[in-house]
Amino acid sequence: MPQDKDLKRFVRQRMAETGERYTTARAAIKPDEGITSLTSEMRAWVNLLGEVEHAENAFSLLKQLPTDQRRMATAEGLLHSDWRVRRRCAQLLDDLVLTDETTSLLMKTLDDPYSRVRRAALHSLTCEHCKPEACDIDVRAIARKGLADPNADVRAQALWTLGFWPDRIEVSELRLFADKDPSAKVRKAAKELIGLNEGRATGNAARLAQPVELQAKMEKHAGKWVAVAEGRIVSVDQHRGQIRRDLRGTGHLDAVICWVPPKETQEGLLNT
């Protein structure tokens, strides 16, 4: 049985050899082990997610379960009659690799009558930063469903999922949301995304203006902001604002701040 640190490599290798999806290849290499049904105690924890005074403790207990047991608990909870239970169970799947079953249940939950449940399901389906193996589903298509949601919070979340990566949505569409959406929250999100991507475009241009050797050194920091001064990298962070704070008192206040796009999106991605 491969160790956890080797699992990703073995799964990707099997995917390349067989053409299987991630969850199928992973199951073949390291099938989940454990109980095959919920205990009465686990079911009680799921039910307690609907009680305000007990929900946080129950959530913590469920989150500590082994992966296969947590998936079983959430699968049952997503079908619960209490919307609070459904919402918390959707959140419990946020940091797990999605299986075909949990993906299917979350997709159905995108049509839940309660907007807070839909929002939790959308996040668990599309937040690639939270997943140990990112997302093995069509994030773009799922988020686009959220753009049509009647609830502003769901639309805003879908907009961030798409707009944070400029290859997923046209700037003209972002501007349409910024100008026409009935919600001030969504309009604000669209304007912030436009500003973010314009800033990234400027930062990417600054990166391309650096010597080739320095550009090559930046490659290890894909998806981050990099400050360069005197021909070397002096600061790296995911947030441009933090870069500026880091430079205070360093003598490099005139450093050039560059954006290093993710490797898979560097070609023509940031043109706005």
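Things worth noting here:
- Taking every Cα-Cα distance in the range 32-137 and sorting them into 10 Å bins starting at zero, the pair-distance distribution P(r) comes out as 16, 52, 30, 2 percent.
- Relative contact order of the range 32-137, pairs being alpha-carbon contacts under 8 Å that are 6 or more residues apart, as %: 22 percent
- Note on the range 134-272: the C-alpha convex hull projects to 9.2 nm² when averaged across all orientations.
- Alpha-carbon spread of the range 223-263, three principal axes, descending order, Å: 31, 21, 10
- Taken along the Cα-to-beta-carbon direction at a fixed 7 Å, the label points for residue 84 and residue 20 span 4.1 nm.
- Calculated over the range 118-198, the projected area of the Cα convex hull averaged across directions stands at 5.0 nm².
- Efficiency of FRET between residue 104 and residue 263 - r from beta-carbon atoms, R0 30 angstrom, step 0.05: 0.45
- A Förster distance of 45 Å, applied to the separation of the beta-carbon atoms of residue 206 and residue 39, puts the FRET efficiency at 0.20.
- Among the listed pairs 185/224; 191/263; 145/188; 63/217, those beyond 30 Å (Cα-Cα): 63/217
- Relative contact order for the range 203-265: 44 percent, from Cα pairs under 8 Å spaced at least 6 residues apart, divided by residue count.
- Put a plus charge on the Cβ of each Lys and Arg, a minus charge on the Cβ of each Asp and Glu, and nothing anywhere else: the dipole of the range 203-265 about its Cα centre is then about 160 debye.
- For the pair residue 250 and residue 198, a Förster radius of 22 Å applied to the C-beta separation gives a FRET efficiency near 0.25, rounded to the nearest 0.05.
None of the figures in this text is laboratory data; all of them are computed from the coordinates on show. Keep in mind it's a predicted model, so treat the numbers as computed, not measured. All Cβ positions, glycine included, derive from the backbone under ideal geometry; neighbour counts span all protein chains shown.
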